[in-house]
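Structure first, commentary second.
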Amino acid sequence: MLKTELSKKNNGGSKNMLKYYNYDIVFQEIPNEVTLAVNITNCPNRCRGCHSPHLQADIGEELNEDRIIAIIGKYASAITCFCFMGGDADTQQVVKLAGFVRLHYPEMKLAWYSGCAKLPEEFDARSFQYIKLGGYVEELGNLKSNTSNQHLFQIQPDGVMKDISWLFRTV
Ligand code: SF4
């Protein structure tokens, strides 16, 4: 069994829980990866023109260790990356669950799509291989737009965040 007593305790220590609406296998969110993207609800950002307003609502099932094991278990042989789409309401829990994935699937890349412009205070970017920052601003466009405020970073082993947004803008 992959579920541990430790994971149960960790889950209970969060001030908020994460919930998710759905998930999908996607090919464009993280370049050169087959990504299982989980859409997290209760988004605290209020981007004008939000592409997924339902994700602002406090709806969905709890995203915990058990659910992650169940979800990844279905697709582990097909995916190379697990992406948390959102979770800005409880970034500590996002990091904790990312650590859980890393523990049980050490070959799996980890990604986080945040709608915030900056990382939280004292955040260790090395919890992930990829981090996207920036809310959606209609006038500037999404990651594919040359004027976008959003950026995707590839996290280097030393924690340096290498901006790879250009990959979206040349395809
Ligand atoms: S971060 Fe995404 S889901 Fe949240 S309000 Fe902005 S566009 Fe909508």
Worksheet item: Mind checking which of A70, A117, A125 has the largest fluctuation in a GNM of the chain, springs on alpha carbons under 10 Å?
Response: A70
Item to complete: Taking each pair of different alpha-carbon atoms in the chain once, compute 1/r for the pair, average those values, and report the inverse of that mean as the Kirkwood hydrodynamic radius in Å to one decimal.
Response: 16.3 Å
Item to complete: Would you calculate the volume per residue, in Å³, of the smallest convex hull containing every Cα atom of segment 52-150?
Response: 122 Å³
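GluC sites (Glu not before Pro) within segment 42-139: which are DSSP loop residues with at most 13 other Cβ atoms inside 10 Å? Please list the in-between numbers first.
Working: sites: E61, E62, E65, E107, E121, E122, E138, E139; in loops: E107, E121, E122, E138, E139.
When the GluC sites (Glu not before Pro) of segment 42-139 are filtered for loop state and at most 13 Cβ neighbours within 10 Å, E107, E121, E122, E138, E139 remain.
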Worksheet item: Can you run phi through the Karplus equation (6.51, -1.76, 1.60; θ = phi - 60°) for segment 84-97 and list ³J(HN,Hα) in whole Hz, with x for Gly and Pro?
Response: 7, 8, x, x, 5, 6, 8, 5, 4, 6, 4, 5, 4, 5
Response to the item:
If unit charges are put on Cβ atoms (+1 for Lys and Arg, -1 for Asp and Glu) and the dipole of segment 103-170 is taken about its Cα centre, the option from Y105, A117, F168 lying farthest towards the positive end turns out to be F168
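Percent relative contact order of segment 18-169, based on C-alpha pairs within less than 8 angstrom and at least six residues apart? If you can, show how the numbers build up before the last one.
Working: 300 pairs, mean separation 28.8, N = 152.
19 percent.
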Worksheet entry | Computed magnitude of the charge dipole of segment 18-169 (debye, nearest 20; Cβ of K, R +1, Cβ of D, E -1) | 300 debye
Worksheet, complete the sentence: Ranked output for segments 46-54, 74-82 by mean other Cβ atoms within 10 Å, highest leading, reads 74-82, 46-54
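FYI, it's all coordinate maths here, none of it is from the lab. Quick caveat, the model's predicted, so the values are computed rather than measured. All Cβ positions, glycine included, derive from the backbone under ideal geometry; neighbour counts span all protein chains shown.
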